[in-house]
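Below is one structure, written out as structure tokens, with a few remarks after it.
The values are calculated or read from the model by the stated rules, or taken from the named source; none is laboratory data. Quick caveat: nothing in here was measured; it's all calculated off a predicted structure. Cβ placement follows ideal geometry from the backbone for every residue including glycine, while neighbour counts extend to all protein chains displayed. Just the protein is used for accessible areas: all its heavy atoms, side chains included, with ligands, DNA and RNA removed. Shrake-Rupley method; radii C 1.70, N 1.55, O 1.52, S 1.80 Å.
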Amino acid sequence: MQENPVPAETAWHQTSKGKNAGPSFIWLHGWGQDISAFDRLSGLLEGKGQHRLFDQPGFGKTPVISPGDGTRDYAEKLAMLLEGTGPHIFVGHSFGVRVSLQMAAHHPELVSAIVGIAGAGLQRKRSLGFRLRARFIRLWGKATRMIDGLFGTGLRQKFENRFGSADYRNAGELRTTLVKTVTEDLSAVSAKASCPACLIYGENDTETPPEFGERYQKIMKNAEFHVLPGYDHWDILTRGAYQCEAVITRFLDKIKTHA
């Protein structure tokens, strides 16, 4: 007899830690990572409450659920999994912040607060020259796909090898998701997030620069913004874990006092 498939909303691999009392934390990692990215920071905060760390679909031990999903789709599937629980404090890094913002905007009953580390989701301010070059490359990319279809050439692969990022080349089934993600602008989504938010960025982050945090703080209703000197997009979770923990602890104390 064939077994029934596991529902998409319950297919997320997760681990739990912490104590049974206190607030509930949901941890969402960045693109290309898994729950191990939070090993150090979640360990420092373990005594603050209950922690559930998720491998998002397509990463770690969670399979791709629906190829082509965007961050709103990720949030909707997670909301089905969390239905009837919470509210939770969402701790996200980069891509995980995108999903957290979608949760806060569309399922506010599940989100009591957001801790966003190196949060992505805004379009970078680019020069006219950069925008023109990017437009030319996009048109070139479309042309290579069309020529390959007509003549069976291999121009598209050469194009991707030259211009595609490492994330794009390695995305596999998640390639459409990646394209949707890097082209989205969450300004309107973040404006709907009314919960308290703590935005932490590394001073040396070139992936999601601190100016993202400054812009998010202006857009969001109840956000605070912090820059940690000397850290980039990745080592803010490792070398910078103690500094993040200190900022997050003060934030948790503040929202507890105002609750």
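So which of SER112, SER94 ends up being among the polar types (S, T, N, Q), in contact (Cβ under 8 Å) with a residue 24 or more places away in the chain and in contact with a Pro (Cβ under 7 Å, 6 or more places away or on another chain)? Full working, then the answer.
Numbers: SER94 fails: in contact with a Pro (Cβ under 7 Å, 6 or more places away or on another chain).
One residue alone meets the criteria, SER112.
Given the condition open to solvent by 30 Å² or more (accessible area, probe 1.4 Å), under 11 Å from PRO196 (Cα atoms) and either in contact with a Pro (Cβ under 7 Å, 6 or more places away or on another chain) or part of a strand (DSSP E or B) (or both), answer yes or no: does some residue in the range 220-239 qualify? Yes; the residues of the range 220-239 include at least one that is open to solvent by 30 Å² or more (accessible area, probe 1.4 Å), under 11 Å from PRO196 (Cα atoms) and either in contact with a Pro (Cβ under 7 Å, 6 or more places away or on another chain) or part of a strand (DSSP E or B) (or both). Residues of the range 200-219 that are open to solvent by less than 60 Å² (accessible area, probe 1.4 Å) and outside any helix (DSSP H, G or I): ILE200, TYR201, GLY202, ASP205, THR208, PRO209. Given the criterion over 12 Å from the mean Cα position of the chain (by Cα) and within 21 Å of ILE117 (Cα to Cα), identify the matching residue among ALA104, ALA21. Every option except ALA104 fails the conditions. Pairs linking a residue in the range 204-221 that is closer than 13 Å to ILE236 by Cα and touching a residue at least 40 places away in the same chain (Cβ under 8 Å) to a residue that is part of a loop (DSSP other than H, G, I, E, B) and of a type in the set (A, V, I, L, M), with Cβ atoms under 6 Å and 6 or more positions apart or on different chains, are ASP205/ALA118; THR208/ALA118; THR208/ALA120.
Residues in the range 86-125 that are in contact with a Lys or Arg (Cβ under 7 Å, 6 or more places away or on another chain) and in a strand (DSSP E or B): 0 in all.
State yes or no: is HIS93 modelled with pLDDT of 95 or more and open to solvent by less than 40 Å² (accessible area, probe 1.4 Å)? Walk me through it before giving the result.
Details: modelled with pLDDT of 95 or more: yes; open to solvent by less than 40 Å² (accessible area, probe 1.4 Å): yes.
Answer is yes for this residue.
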